[in-house]
Amino acid sequence: MGPAVLVADDIQITTDRRLIAVGNVEAFQGQTRMTAQAIAYNPDTGRLTITGPISIDDGTGLRLLADQGDLSDDMQDGLLLGARLVLNEQLQLAAVQANRVNGQYTQLYKTVATSCKICADDPGPPLWQIRAKRVIHDKEAQQIYFDQAQLQVLSIPVFYVPRLRLPDPSVTRTTGFLRPELVLSSLLGTGIKVPYFIALNDSRDLTLSPYLSESTRTLQFRYRELFRRGQIIVEGAVSDDDLLPDETRGYVFAAGRFDLKRDFRLQFDLEWASDDGYLSNYGISGRDRLDSQIQISRARRDEFIRFSYVSMESLRDNDTEEVLPSGVLDAVYKRRFFPSVIGGEIRLSTEAHAHERSSTQDLSSTVDARDVLRFNVDAEWLRTFQMGGLQAQTRLGLIAGAYDVSDDITATETESELSPTAALILRYPMVKQGKDGARHVLEPIAQLAWIGGDTLSIPNEESTRVEFDEGNLLRLSRFPAPDRRERGWSAAVGGTWSRIDQDGWSMSITGAQILREEAQADFTTSSGLSGTSSDFLLSGKVQLQGGLAVSGRTLLDSSLNVTKAELRGRWSYARLGLGGSYIWIDEDPAIDQLDPIGEISLGGSYQINRFWRLRAGMRYDIEAGRTATSSALLEYANECVRLGFSLRRSFASSTTIEPTTSLGVTVTLTGFSANTGERVEVRSCG
């Protein structure tokens, strides 16, 4: 350490070379700062005799308070009486006396530890405290060791342990127990989860969470590792329960991402469950289909490359695994060019796709075994012209494709196509400033498009679900995959009106419709694109300065009946936040949707006061006339404790899934972990 600096109201040096400082004394040495009422230094012994109140701050978040003390001249060793240790302004340890050893260890005797705020004028006990015969704080190891520790809640003993080790608040990660959770489930009974975190090193960790209840013995796990150019996470569980007593149940989810050379990125995820009902029984996920995928991709300004393989698994009761595509392979390459000779932009897109089913029977049997392989190329030249306020964009292109269908005696085995495309898009944006200062923008849009060639006779495998919305209004073909294309002439007409108010709120409305020379057979009624005239698309959004935002879209048929509708909104004001959505889709027997689909989702949070917060959510199935899921979470948090009370109810039922109700209770004593960045309310005195 460097030399010490001493500041005081009065400093004297006696004839025997003793230094005495009195009044507002401050001493500095390195990062250590000490304040006291008086200090006497004896050069013969190298000791400091200090009169309090004393405060020693080592500059790393450790502060010692005491009534009086005797320390070495570097303040690293000594004895403090009436001591109190404060760590990172969170955890307080009060003791009769404290010893400092080598500046690393602080030993406290007859100690009380708590992170609850203690008020001088409040004689009541803190919400919780740990009493111990001796406490040792290891500054370098960032650990606190308790001898004969007793946990008290409102001075009532609730737990005793001879030895206890806990991390101090400066620790970001360390091996030890995490907060336990009490779980009450209508399927699994009353149980408890006790997670144990293992810090393998700075970049790897493992969390083991035993879950024991009346009906299950489960071990949950999570492994994480961070690499220089990527990361992986694996989580899962193994269960022995009374729901399927003769089986070992479980699941594994894994995901990873790695940055490779030349801007390539590798991503993968693995999803597996032992049976169809496990994820729902244990409240892990509501998914009814699992997909495992590995992908390599690169995205640059003028280039995109992707190779991917997806393996599918269904958890639905009415799905037959053999007739679902179990393996899907995709390869995509896209490139943009900007030729100076002809101007504009050239887009080149190539795509290879293959999927297979595990069954080898053909369609003459009861099992669909069709496998498909296709290769597509799409080349297009785009150029934009500005003529006053009118903007015109021309598009000329050529599409080519080759298709191979196997294990299907009803379909042509091979098909190919070579078709030209053309389109003209016109826009005429107009802006007007109102007398009230609001800005109005009106933009009519029109597109005339043509795709040559005849409709292929290959089966419709990838384009069975089609959506008509603002995103594909100006596409040449609105099918999601190249195995189906719109053919012949079509026109898209519509427009958008927007109002931006100077007070900060805005709104917009879009309307559009598609007109065709000939109807496209593969557009079903629910797509909104069937017939020579599509349904009328109407969408809009409103955003107010007060925190309200609403957006919605709907499709109206020729009789102005709603065939599809979606409404979403959110609102926040002061301590209240609300959000919700409404979705309705008309029946469509062509895609095996025999009944309409309608659902309402609501969610919100309310800050009851500084410490209590309530969160709740629900999904309601309109057509079934019942709630699908509902949940609520009540949280309490202050400077020394966090409490959580959760309730979740699932009403779904099938041969593998039963309605369940789960209650959860979590308790965390703060002060023994790193600051997470969350806002913590500190109770005030008086």
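The values are calculated or read from the model by the stated rules, or taken from the named source; none is laboratory data. This is a predicted model, so every value here is computed, not measured. Here the Cβ is made from the backbone with ideal geometry for all residues, glycine too, and neighbour counts use every protein chain on show. SASA here: full protein model, heavy atoms, side chains in, ligands and nucleic acids out. Shrake-Rupley method; radii C 1.70, N 1.55, O 1.52, S 1.80 Å.
Worth a mention:
- Relative contact order (percent, whole number), the chain, Cα cutoff 8 Å, 6+ residue spacing: 6
- Farthest toward positive dipole pole in the chain [+1 Lys/Arg, -1 Asp/Glu at C-beta], among T111, V234, S349: T111
- Accessible solvent surface per residue of segment 54-133, calculated while the other protein chains remain in place, 1.4 angstrom probe, Å²: 43
- Taken about its Cα centre, segment 494-564 carries a charge dipole of about 200 debye when Lys and Arg each add +1 at the Cβ and Asp and Glu each add -1 at the Cβ.
- Net dipole in debye of the chain [+1 Lys, Arg Cβ; -1 Asp, Glu Cβ; about Cα centre; nearest 20]: 2980
- Estimated from helical segments only, the mean residue ellipticity of the chain at 222 nm is 0 deg cm²/dmol, where each DSSP H run of four or more residues counts as -39500 (n - 2.57).
- A straight Cα-to-Cα reach below 21 Å connects K334 with the lysines K261, residues fewer than 8 places away in its own chain not being considered.
- Rolling a 1.4 angstrom probe over the protein heavy atoms with all chains in place gives segment 256-335 an accessible area of 56 Å² per residue.
- Segment 296-402, relative contact order [Cα under 8 Å, separation at least 6], %: 20
- Within segment 481-502, backbone nitrogen closer than 17 Å to the virtual label 7 Å beyond the Cα of L382 toward Cβ: 492
- Of F536, A574, G603, farthest towards positive along the dipole that unit charges on Lys, Arg, Asp, Glu beta carbons give segment 535-605: A574
- Segment 36-98, relative contact order in percent, only Cα pairs under 8 angstrom and at least six apart counted: 24
- Accessible-area composition of the chain, carbon plus sulfur, in percent [1.4 Å probe]: 55
- Put the Cα centre of segment 44-61 next to the Cα centre of segment 511-547 and the gap is 77 Å.
- Residues in segment 507-566 average 48 Å² of solvent-accessible surface per residue, probe 1.4 Å, ligands and nucleic acids excluded.
- Ordering W497, Q593, Q520 by the projection of their Cα atoms onto the charge dipole of the chain, which places +1 on the Cβ of Lys and Arg and -1 on the Cβ of Asp and Glu, puts W497 at the extreme positive end.
- For segment 128-211, the dipole from Cβ point charges (+1 on Lys and Arg, -1 on Asp and Glu) about the Cα centre works out to 220 debye, to the nearest 20.
- For E413 and D503, a Förster radius of 41 Å and the Cβ-Cβ distance give a FRET efficiency of 0.05, rounded to the nearest 0.05.
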